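The values are calculated or read from the model by the stated rules, or taken from the named source; none is laboratory data. Only a predicted model underlies this, so the values are computations on that prediction, with no experimental measurement involved. A quick note on method: Cβ atoms are made from the backbone with ideal geometry, for glycine too, and the neighbour counts reach across all protein chains shown.
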């Protein structure tokens, strides 16, 4: 039987609440303990209610869900797309960390558009346009010294 | 009081503020048209940059942008059957059939006039309400504020989540996240796991941008759409006729404006509710309800008036009580705090001219936005065809720059990406992102108010008239659906008996 995503999410919050309760009990003074404990308990109790509801729903609709194979493939396509997009975002963040905004931005803009199947010219123009946008707006206009990257000595 | 009104006008009409407003209106109109970017995403993207600007200019920028997003959202609903913003979905019901009948210009004229006037009139209602609510606000002390914060989070949680339970989990999670780091009263480090990065807690900007900006990008990319197919937009005629239609249906427009304003005042309810309620009442009170959905102008006037009317009410609640009147106002709370203005009773006493400036700003932004839309609607509709391939890198670059500018730490990229994923999951499974953000923003405030109240009045500090009333209201609202079911069951049993 296929487990619904909402059950995973509710279970995640249940564990988070439990973790919060255990952690809160280690805080030394009641002033620092009372609110984290209260909030973690609320999350734990409400998430338990959600898990209960989801399990009941699962029991009722389990057989029907099992037969829907089209939905399963749609979910897996979406998860794969999310993985790719998240990979791009994480890769861009790492490139900024290493090389700074002024190198990472055009590289990312160019690489992403090429990956999406755009022509060389479009990708190059877009990459240059992004650089031409961020430098005058942020560095000159807003006087925000953008990160130069770990490799180039920024900390 | 009159002095405050006069200085509000003076602040608003400073040339630099007018210029910022014009730019914000243009950006807001573009955002309203492009499907995939909402007003809330844009406010989140701009948050990191506003704290570098003067207080009044930064808040005028945000309010002008928010005020007109819904005006242009209606244009693509009418001409292309593509709602630029969520609440504009209602306008497609009659707006697009009008375009198909060759009455697109008339529909645009009616929609823009109804939105523009609907955005202006409630401002004066709100301005008139300010002196009336001041004595009530002044009566609020620590216990009242503690319970008020709780009420705000609970209301937003219950109304914006897929269910009350999920909404409340979101609100409580936001509160819990706000407690991460050093506790100033006791010196205890909470949930920081010995990491220096978490000693000062989680930063607001990466959290807000992650929840509302990055998660939208993930959602957009996951949907797999790469471009909105552009449909031909013919030259528009009949715009003036549409403007006259609003005058002919002035009572419908006024009712919708009033309903929108009242819905705006109620914490947590967004434009989605206002537009559907007003469309429903327009249909119910119409002499020809059967024609709704086939392209009648009343079906355009009612939702468009309500959509813009809610802003003034939502802003008033946000400023006066510190409780956001709509989900986008949760981000406004963050903006207020970032520029050093604490929303709530203190704002209405210490920053009254600024509060009035923002209310007047809504009216002025609506006038500017309305005029631009009336003249440029067909050209603006073409913006809906922008390719999403370019949006993803463009928005991600601005978001990450914003995070760095605000926090000066590239480590916060990880926080933004993590909250982007969390936001995506929450959006998908009906958990409330605005409630999480509100809980996060008000968490430390709530802790301070409640600890002070316990120390001054004891653990039963809420047994006082105002807090107790607020608590009862909260409990009733949270259990509304159960109570309604129980009451109808009781009524059925009594009828049988």
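All conditions but one from (1) surrounded by 19 or more Cβ atoms within 10 Å (Cβ to Cβ); (2) over 23 Å from residue B:329 (Cβ atoms); (3) at pLDDT 85 or above apply to residue B:426; the one that does not is (2). Where helices (runs of 4 or more DSSP H) fall wholly inside region B:63-182, the ranges with 3 or more residues that are under 30 Å from residue A:46 (Cα atoms) and within 14 Å of chain A (Cβ to nearest Cβ) are B:142-160, B:164-178.
Restricting attention to region B:154-182, the residues that are closer than 25 Å to residue A:27 by Cα and surrounded by 22 or more Cβ atoms within 10 Å (Cβ to Cβ) add up to 11.
Would you point out the residue of region A:116-128, among those that are more than 27 Å from the chain's Cα centre (by Cα) and surrounded by 14 or more Cβ atoms within 10 Å (Cβ to Cβ), that is nearest to the other protein chains (Cβ to nearest Cβ)?
Residues of region A:116-128 more than 27 Å from the chain's Cα centre (by Cα): A:119-122, A:124-125, A:128.
Narrowing further to those that are surrounded by 14 or more Cβ atoms within 10 Å (Cβ to Cβ): A:122, A:124-125.
Details: A:122: 9, A:124: 14, A:125: 11 Å.
Top of the filtered list is A:122.
Filtering region A:21-42 to residues that are farther than 13 Å from residue B:172 by Cβ, facing chain B (nearest Cβ under 7 Å) and in contact with a helix residue (DSSP H, G or I) (Cβ under 9 Å, 6 or more places away or on another chain) leaves A:23, A:27, A:31, A:32. Of all residues in region B:407-416, exactly one satisfies the criterion of being surrounded by fewer than 23 Cβ atoms within 10 Å (Cβ to Cβ), facing chain A (nearest Cβ under 10 Å) and part of a helix (DSSP H, G or I), namely B:414. Looking across region B:184-200 at every residue that is in contact with a helix residue (DSSP H, G or I) (Cβ under 7 Å, 6 or more places away or on another chain) and part of a loop (DSSP other than H, G, I, E, B), the one that is farthest from residue A:22 (Cα to Cα) is identified as B:185.
Please state which one of B:207, B:198 is buried (at least 21 other Cβ atoms within 10 Å of the Cβ), more than 8 Å from chain A (Cβ to nearest Cβ) and at pLDDT 85 or above.
Details: B:198 fails: buried (at least 21 other Cβ atoms within 10 Å of the Cβ).
None of the other options fit; the residue is B:207.
For first residues located in region B:442-457 and more than 10 Å from chain A (Cβ to nearest Cβ), partners that are outside any helix (DSSP H, G or I) and lie 6+ apart or on another chain with Cβ distances below 7 Å form the pairs B:453/B:461. Answer yes if at least one residue in region B:387-396 is crowded, with 19+ Cβ neighbours inside 10 Å and farther than 20 Å from residue A:138 by Cβ, and no otherwise. Taking every residue of region B:387-396 in turn, at least one turns out to be crowded, with 19+ Cβ neighbours inside 10 Å and farther than 20 Å from residue A:138 by Cβ. Would you point out which residue out of A:55, A:46, A:15 is more than 10 Å from chain B (Cβ to nearest Cβ) and either within 23 Å of the chain's Cα centre (by Cα) or buried (at least 17 other Cβ atoms within 10 Å of the Cβ) (or both)? That would be A:15, the only listed residue that is more than 10 Å from chain B (Cβ to nearest Cβ) and either within 23 Å of the chain's Cα centre (by Cα) or buried (at least 17 other Cβ atoms within 10 Å of the Cβ) (or both).
The numbered conditions (1) free of Cβ contacts under 8 Å to residues at least 40 places away in the same chain; (2) more than 24 Å from the chain's Cα centre (by Cα); (3) under 30 Å from residue B:475 (Cα atoms) are all true for residue B:142 except (1). Taking region B:50-62, which residues are modelled with pLDDT of 80 or more, part of a loop (DSSP other than H, G, I, E, B) and touching a helix residue (DSSP H, G or I) at 6+ places or on another chain (Cβ under 8 Å)? The answer is B:53, and nothing else. Within region A:132-142, the set of residues being buried (at least 16 other Cβ atoms within 10 Å of the Cβ) and either over 15 Å from residue B:53 (Cα atoms) or more than 10 Å from every other protein chain (Cβ to nearest Cβ) (or both) comprises A:134 only.
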